[in-house]
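All remarks here apply to the structure that follows.
Nothing in this text is a laboratory measurement; each read-out follows from the coordinates by a stated rule. Just so you know, these numbers come straight off a predicted model, no measurement behind them. Don't worry about glycine lacking a Cβ; one is built from the backbone with ideal geometry, like all the others, and counts go over all protein chains shown.
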């Protein structure tokens, strides 16, 4: 076993069900939510309020199993799961970049959530740098 | 248990030991390496060659335990682990953005590796969009 995943907190979002989350390539996520970090991990948030954007790593906890080819919403062609954001992955870990709006003790108010309410959060990391947009090629997604 | 992490492949890098990896905030990672995806997951790479940059999720497999406060290399002050990239995290998952140089079947030649040779890879995701540099605040790291 590589390690034992544990929730460091949970997401509070407006989405009670997965079907309510805007989906598909290019979707802009504009919803606000709160990341509630568990008391036992709260000290790990020291100085996080200085960062404008954060990576959230979280679990696709409503998924079972995986498939190596996935057809994203609105697409007709299947792509390799590692060339998509599809949830049914060998390791069901999701990654979202959010904007940190405010911190209230162990609660982080964030913009850009795309997970259902109650989703277990695995990790929070500072978002430090970007690849210039002009350097990016986006494969089957096009420009 | 949230899920059981498994390696989808392993990183081949020039770094035989952690001490050889350039460290510290602001470090540019210029090393090249190869991500060797296991045969059983190779189909998941379909169409990945169209993307210029990829997220690699991998395991800090040489770490045990975690600490909630971390003092990054070259720093004197401790910060919350979630405001750093420190390896000793509640879930020892690392995130690296690499440039995809070439694909040879189930081997991805990439630029920007910062993990030791033999590191287990958990996931590969397409890097799709960036936050404009002018919108970023980098907390204790400054500009």
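Here are the numbers:
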item: Count - residues of the stretch A:122-143 that are within 30 Å of residue A:78 (Cβ to Cβ) and either under 14 Å from the mean Cα position of the chain (by Cα) or free of Cβ contacts under 8 Å to residues at least 12 places away in the same chain (or both); result: 12
item: Neighbours by Cβ (under 9 Å, 6+ apart or cross-chain): first from the stretch A:39-68, on the phi > 0 side of the Ramachandran plot and in contact (Cβ under 8 Å) with a residue 12 or more places away in the chain; second surrounded by fewer than 19 Cβ atoms within 10 Å (Cβ to Cβ) and in a loop (DSSP other than H, G, I, E, B); result: A:65/A:88
item: Boolean, residue B:107 is more than 16 Å from the chain's Cα centre (by Cα) and more than 7 Å from chain A (Cβ to nearest Cβ); result: yes
item: Residues of the stretch B:51-83 classified as more than 7 Å from every other protein chain (Cβ to nearest Cβ) and farther than 21 Å from residue A:91 by Cβ, total; result: 11
item: Qualifying residue in the stretch B:120-140 (condition: under 14 Å from residue B:10 (Cβ atoms) and touching a helix residue (DSSP H, G or I) at 6+ places or on another chain (Cβ under 6 Å)); result: yes
item: Members of the stretch B:37-50 that are surrounded by fewer than 19 Cβ atoms within 10 Å (Cβ to Cβ), closer than 21 Å to residue B:113 by Cα and more than 7 Å from chain A (Cβ to nearest Cβ); result: B:38, B:42, B:49
